[in-house]
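Visitor: One structure, pasted below without further comment.
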Amino acid sequence: MAVAEINQTTQYLTFKLGDEVFALDISKVREVLDFTTVTKVPRTPEFMRGVINLRGSVVPVVDLRLKFGMSRTENGVNTCVIITEVTVDGDTTVLGALADSVQEVLDLDADHIAPAPKIGTKLKTEFIKGMGKRDDRFIIILDVDKVFSSDELALVKQDETAAAL
């Protein structure tokens with residue numbers, strides 16, 4: 001859903017990665033957990049931190065800071081795991097996304113959301129739904145279904161299967 005398709009007030013969960021504020025459509029978020037022990041799975045991409053046990057289910061955990069080219073998320077008092085549903089090519093995967101902290105759930109009207117910036121042809125920004133405006137700050141609204149490629153999600157699914165064995 002591009003910003004042109006956002007024509008009503010939508011609720012977003014906001015969270016921080018470093019100094020930047022990001023947001024996910026609340027309909028894609030299942031829950032937010034305190035940071036817990038993550039079991040590393042060998043031979044996975046660096047952004048793939050491992051898996052956690054969520055009520056008997058194996059859930060892959062990714063480090064969004066690493067995925068976005070930032071430094072690794074350090075475990076702090078506010079570090080959390082956002083459990084979200086990602087759909088790519090019709091296949092839905094539950095995964096955890098590490099965040100430095102969760103801020104709030106907020107309503108953003110369509111008229112407070114600008115299109116994602118065009119940053120040339122080599123940089124891909126299709127995973128950004130838009131730029132929310134609140135007070136004097138921007139909130140980067142993510143399209144979680146486009147943050148990961150189908151190849152990356154296939155790796156995540158392999159990790160999930162390997163950890164369950």
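Visitor: Among LEU98, LEU106, which is the only one that is modelled with pLDDT of 85 or more and buried (at least 20 other Cβ atoms within 10 Å of the Cβ)?
Guide: Every option except LEU98 fails the conditions.
Visitor: Oh, and also: Where residues in the range 113-128 are buried (at least 16 other Cβ atoms within 10 Å of the Cβ) and out of contact with any helix residue (DSSP H, G or I) (no Cβ under 6 Å at 6 or more places or on another chain), which of them is modelled with the lowest pLDDT?
Guide: ALA116
Visitor: So, one more: Considering every residue within the range 48-68, establish whether at least one is among the aromatic types (Phe, Trp, Tyr), touching a helix residue (DSSP H, G or I) at 6+ places or on another chain (Cβ under 6 Å), at negative phi and in a loop (DSSP other than H, G, I, E, B).
Guide: Looking through the range 48-68, none of the residues is among the aromatic types (Phe, Trp, Tyr), touching a helix residue (DSSP H, G or I) at 6+ places or on another chain (Cβ under 6 Å), at negative phi and in a loop (DSSP other than H, G, I, E, B).
Visitor: Follow-up. LEU24 fails exactly one of the following numbered conditions: (1) surrounded by fewer than 17 Cβ atoms within 10 Å (Cβ to Cβ); (2) closer than 20 Å to LEU142 by Cα. What is the number of that condition?
Guide: (1)
The values are calculated or read from the model by the stated rules, or taken from the named source; none is laboratory data. Please read all numbers here as calculations on a predicted model, not as lab measurements. Neighbour counts run over all protein chains shown; Cβ positions are idealised from the backbone, glycine included.
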